[in-house]
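A short worksheet on the structure shown next.
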Amino acid sequence: MASAVRPKLKTAFKKARVITPLHTDGPVAVTQDGSKLFTCVGEEALMTDLKEGREICRFSGDTESITSLCVTPTSTHLILFTSALALRVYEIPTSSTPLTNPVHPIRTVARAHDAPVHVCKSDPTSTYLASGSADGVVKVWNILKGYVTHVFKGHGGVVSALAFNYPFDPSAVNRETKMQLITGSVDTRIRIFDLSAPVARTEAVPKPEAVLEGHVSVPRGLDVSRDGKWLVSGGRDSVVLVWDISFKGSSATSTKSKKGKAKATAFSPVLVKTIPVLERVESVGLLRPEEDLAGAPSGSRKLRVYTGGEKGVEHDAVTEDQEEQRQIVDSIYIPATSTIVSVHADQNILFHSLSTQSLTRQLIGYNDEVIDATFVSPYLPPQAGPSVPNSEWTDTHVAFATNSSLIRVYSTESLDARLLSGHSEIVLCLASGAGGRVLASGSKDHSARIWAPRRNPGDERSVTTVPDWGCVAICEGHQESVGAIAMSRNVNGEPRFMFTGSQDRTIKMWDLSGLPLTYSGNADAAAKCKSLTAQKAHEKDINALDIAPNDRYLASGSQDRLAKVWAIDYTVVGNAVRGEMRLLGECKGHRRGVWTVRFGRAERVLATGSGDKTVKLWSLDDFTCLKTFEGHTNSVLRVDFINAGMQLVSAASDGLVKLWNVRTEECTATLDNHEDKVWALAVSADESRIVSGAADSVVTFWEDCTEEQEREKESQRADLVQKEQDFLNYLSLHDYRNAIQLALAMDQPGRLLSLFSTLPSNAPTSSPPVPSFSGHPSVDTVLRTLARTDLARLLRYVRLWNASARTSAVAQRVLNAIIRLRPAADVAEAFDTGDNSNLDVVESAGGSLAVLQKDDNGATGLKDWVEAVIPYTERHLARMERLLQDSYVVDYLLGEMDDGMFDELEDEEDDSAPMEVDRAVAAAA
């Protein structure tokens, strides 16, 4: 019988996707086509591609928080104000390719106002910018030229709202070109200013054309219809006012002054309607006529107004504090997509479709500390039942527990997410069951809840969207926080039971039989689960629970430094369900509390992670420690098996995720993308993805790239072999140009060294001999015409060779040839050009040569190179001088040895030589 093929070890995971804070605080803006979102993260502005769900770029800040932000209607410029009273104008990148470096402003005004700016808005032509400050001053700026065109004073306090009125009627013959600026302030008045040039020149301090009084509290939103006739305003007095701001009167009805000249009727807007909203209004806007929700004929269409206020989206069972956090602070209308974007105080951004009148997308701005994570699969495969799994519809979403009472459910392919509300305190743990179709959570409110997705027949199923989830069951009975939870592993069927562990040191078993797998939409219909058994399990808080793949064993880990294994007895007789747990053994050996436990998926082993920085592997037969994995520098918080139990993956408080080889107890890979404790770790069913979440609010998706990396290494190896063969061929053909260029391209200074070392012996013989600086005339020609980028790399190789006495002769010969064959300007400019100008060559511990990156370009790079070459050259020169002096000593010692025997022999040879010559001359004569 053939033995089973052992799977290959996974040795590499790449960072495929990262969920970072999207919006922490401050204003939000969206382009008019609805494709780009601008948010504030700390002191920087962030641009996100809403279609791809990824960050495109960041706009550099000035170390101060952003107080106001807007985007021009043409989506060409981003303007923001900071608490340092600075105005910064940026050009928006047109490419959707993510940028690694931050975008810097094209214009900065250090002190644009004398007080913080809380509102700013661009006009419809993207030419002017209006900004209102806390000292009641409104300024109008020319965006491109950067100067102030108007200054309006007289507001009774903080400017709270701005709007431009620029009527546009393409069917009119003489289009109205007058532009107005409408402002609102805390003195409850709305002022209308004329921005026409004559008014700006004739009045030193422009006065408003009209002052509208109707609100009794600060107006927070203003909007004008496209034809310039209607103005809507909403305020914290819980009303929306509709004003007719069209011009009243004409020349026919004008009156005459005392001098007999006609005087036009004064501009006097009229309050048309008061709409009670019954909540404080934070934003208001007008919908275009074509966005009529009722689909009425054009003749019967009316003004459509949207508002955003303190109540936000209605939620069930929320406290006053939670309702305050979820209130709407701003809303943005996107006509191109018929969408309203609402910005909430809890940093969440919601997209509401006007055509379907439903929530289409929700972006979570800030997740705080990520405590736990688990994969879920809310969608069933098309035309398949619950017992027919499909890999394409498995692990399509991931749920996170953060430092909040809300559970986050994200799509693995986009930024779309949903918030599950129900718990009244922070959620501490998560678990999934029935193949990911149900979700369980434990909270500080002493309860556990079971969640299921809503599956309506007409709903569109897509891995990039997130369905609504609701609570279908509640488990109550613990006296303290529920910090550990585990569901039965019956993947293809319904969940049968669940275990919860609490700070009250007890473990409870819950009956989940008959639990619905679909949320009906009625939160009040949640069932009350029955507790089958309860047992005091540990002497301290219970941190972790896990159920074996066969649903026969339960493992628990506690702060009492013990991991215990329990036998599960679950029986169903008719309608009666019984459940018990029996202690089988204890795993003793950890020196600190046990944070995580996990059963092996293929073998009878148990893995535990502890505060003593180790991961231990235990036998389920005798509960002895089989292996200990050491490598983390802080507490191990999560552990799991992958690759048929051949490997372990662990997460710790040191911010690292490590991959272990179980057989050798060695760490095969370290995944580093977190700066704080990694509390959450989840592995997909096919083990191709690992999700890690940490206290730094960052979630990282890691994808297995072992095969991809092996193919890449094999391709590089084959390419290197081919290049090495080409190099040898060039040498045999004495094609030194291609040989030198290929060695430089391969970053192999060792081959270049051997080439230059053998040049004198390979030099062609001729009479008279051809002079050569490098040792070969052909190489002289190559060095004379070498590209500057290659010249810079060669000079760095020379610096490396010159540092060793063994190779200094070759270095000096090549350096002499370069200096004699190339002008000094070429050597200086070589450090200013080329992609290779920032490459440095070092010698590793094993003697091999390696090329590293270095930021020494231009004059600085040349200076560093000279400073590194001169000391070694002087040392070699001193060594040669000492060697020459030592040679004279050797000659002297040889002459004085054996009483001058060698000198006498030399004298005899010298005496005999002339005599022989004389005899020869005589014989010839």
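Scan the range 516-562 residue by residue and report those that are of a type in the set (Asp, Glu), within 19 Å of Gly589 (Cβ to Cβ) and over 35 Å from the mean Cα position of the chain (by Cα). Break it down into steps so the answer makes sense when it comes.
Within the range 516-562, the subset of a type in the set (Asp, Glu) is 524, 539, 541, 546, 551, 560.
Next cut, within 19 Å of Gly589 (Cβ to Cβ) only: 539, 546, 560.
Across the range 516-562, the qualifying residues are Glu539, Asp560.
Listed residues Glu586, Glu580, Glu603, Glu630; which is more than 29 Å from Ser488 (Cβ to Cβ) and among the acidic types (Asp, Glu)?
Numbers: Glu586 fails: more than 29 Å from Ser488 (Cβ to Cβ); Glu580 fails: more than 29 Å from Ser488 (Cβ to Cβ); Glu603 fails: more than 29 Å from Ser488 (Cβ to Cβ).
When all the criteria are applied, what remains is Glu630.
Pairing residues of the range 577-594 that are assigned to a loop (DSSP other than H, G, I, E, B) with residues that are surrounded by 13 or more Cβ atoms within 10 Å (Cβ to Cβ) and of a type in the set (Asp, Glu), at Cβ distances under 6 Å and at least 6 apart in sequence or on separate chains, gives His590/Asp612; Arg591/Asp612; Arg592/Asp612.
Matching residues to (1) modelled with pLDDT of 95 or more; (2) small (Gly, Ala, Ser); (3) in contact with a strand residue (DSSP E or B) (Cβ under 9 Å, 6 or more places away or on another chain):
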{"site": "Ala534", "(1), (2), (3)": "no, yes, yes"}
{"site": "Pro549", "(1), (2), (3)": "no, no, yes"}
{"site": "Ser556", "(1), (2), (3)": "yes, yes, yes"}
{"site": "Val565", "(1), (2), (3)": "yes, no, yes"}
{"site": "Asp569", "(1), (2), (3)": "no, no, yes"}
{"site": "Arg578", "(1), (2), (3)": "no, no, yes"}
{"site": "Val597", "(1), (2), (3)": "yes, no, yes"}
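The set of residues from the range 177-205 being modelled with pLDDT under 90, surrounded by fewer than 20 Cβ atoms within 10 Å (Cβ to Cβ) and in a loop (DSSP other than H, G, I, E, B) comprises Thr177, Lys178, Ser196, Glu203, Ala204, Val205.
The residue that is modelled with the highest pLDDT, among those in the range 54-79 that are buried (at least 19 other Cβ atoms within 10 Å of the Cβ) and in a loop (DSSP other than H, G, I, E, B), is Thr72. Looking across the range 18-43, the residues that are surrounded by 17 or more Cβ atoms within 10 Å (Cβ to Cβ) and not in a loop (DSSP other than H, G, I, E, B) come down to Ile19, Ala29, Val30, Lys36, Leu37, Phe38, Thr39, Cys40, Val41. Checking each residue in the range 811-833 for being touching a residue at least 24 places away in the same chain (Cβ under 8 Å), outside any loop (DSSP other than H, G, I, E, B) and under 48 Å from the mean Cα position of the chain (by Cα) picks out Val814, Leu815, Ile818, Asp826, Val827, Ala828, Glu829, Ala830. Here Arg737 passes the criteria (1) more than 43 Å from the chain's Cα centre (by Cα); (2) at pLDDT 85 or above; (3) closer than 22 Å to Val869 by Cα except the one numbered (3). Restricting attention to the range 520-538, the residues being crowded, with 20+ Cβ neighbours inside 10 Å and under 20 Å from Val427 (Cα atoms) number 1. Note on the range 530-573: residues that are among the β-branched types (Val, Ile, Thr) and farther than 24 Å from Lys616 by Cβ total 4.
Find the residue count for the range 432-446, including only residues that are part of a helix (DSSP H, G or I) and within 29 Å of the chain's Cα centre (by Cα). Spell out the reasoning first.
Narrowing the range 432-446 to residues part of a helix (DSSP H, G or I): 434-436.
Going one step further and asking which of them are within 29 Å of the chain's Cα centre (by Cα), we end up with 436.
Number satisfying all stated conditions: 1.
Number of residues in the range 487-531 that are in a loop (DSSP other than H, G, I, E, B) and either closer than 23 Å to Ser421 by Cβ or not hydroxyl-bearing (Ser, Thr, Tyr) (or both): the value is 23. The residue that is nearest to Ala544 (Cα to Cα), counting only those in the range 484-501 that are within 35 Å of the chain's Cα centre (by Cα) and surrounded by 23 or more Cβ atoms within 10 Å (Cβ to Cβ), is Ala484.
The values are calculated or read from the model by the stated rules, or taken from the named source; none is laboratory data. In this text, all values refer to a predicted model and were calculated from it rather than measured experimentally. Backbone-built Cβ (ideal geometry, glycine too); neighbour counts: all protein chains shown.
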